[in-house]
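Step one of this worksheet: look at the structure below.
Derivation of every value follows stated rules applied to the coordinates shown; laboratory data play no part. Predicted model only: the values in this text are computed from it and were never measured. Methodologically, a virtual Cβ is constructed for each residue, glycine included, from the backbone with ideal geometry; neighbour enumeration extends over all protein chains shown.
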Amino acid sequence: MKHLHLQIHADRYAELRKALGFKFRERNSVQQFVQFLESQDGSGPIRAAMALEWAVSASPRCGRFGQVGRLTVARHFLIYLKAFLPDTEIPAPGLLAEERRPRPYLYSGEEIVGMQQATRALWEPGCLKQITFETLIGLLASTGLRIGEALRLAVDDLHLDFDPPHLEIRDTKFGKSRFVPVHPSTAQNLRLYLGKRYNLIGDKPEALFLLRPKKPLQYSPARIYFRQIANAAGVRKNPPGRRGPAWHSLRHYAASRTMPRNQTQDARRLAQHEVGRAHSRQDAA
């Protein structure tokens, strides 16, 4: 199928996706799909069965969820390709049934407290690592932030003296940014963390959460340390029919405990504040 100039179409498809504002992390997958199509014998149109064959040919470690993702990548590319090659077949949505995901692990309030206390058993109370993980656990449990969002927070993203106090989450999922209101007690705990951190290292690194002085906490070590914390707190590893405890499970805890009415009120006040700031900037201009 080399005569179809699939590689040219793939490059133009990537350019179009980026021009539309997508990060387009699927580029490598599209390239692999194109290579698969070019390896097929014959010069006929691209059939839906080819996309399905490529999707299920993934490594066994990919699993059904990964196969569904690969088929989705192929389907989107073929929709684009059909505009230039009308005989192209597009796989129907739902051609591969997704595996049912296990229910998320839901922590109890006692487990949250237990994990925070476990940091004091694992490390010397008041040391940088101990206060970092104790504060991080509390922040995720109270706000529902993704672990990646929390680890990317900078000190300047904390607006704790505003009404309501809030965090500025930059370049998150789908390339968007947002404000997240925080409870006054959470804001106070963040202030305490900043004060203790300053006393320990004496300067002001840009990153909020530090593993060591001037070394921001990254996801891989955070994942390893979380296992230690969960084990020390006695949190079950593999509850029946559910995922094991993980950083992301704290997001589910926050979602199950947050009062929607209070959250809506804080969001409304924050939106009004931002509108006022915008009007002030316009008046100054």
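Rg ratio for the stretch 87-221: its Cα radius of gyration over 2.2 N^0.38 Å, N being its residue count, equals 1.32. Using the Cβ-Cβ distance between R257 and A92 with R0 set to 25 Å, the FRET efficiency from 1/(1 + (r/R0)^6) comes to roughly 0.05.
How long is the gain from I201 to A19 if the chain were fully straight, where each residue apart is worth 0.36 nm and the alpha carbon distance is subtracted?
61.1 nm
Compactness of the stretch 2-82, taken as the C-alpha radius of gyration over 2.2 N^0.38 Å, stands at 1.07.
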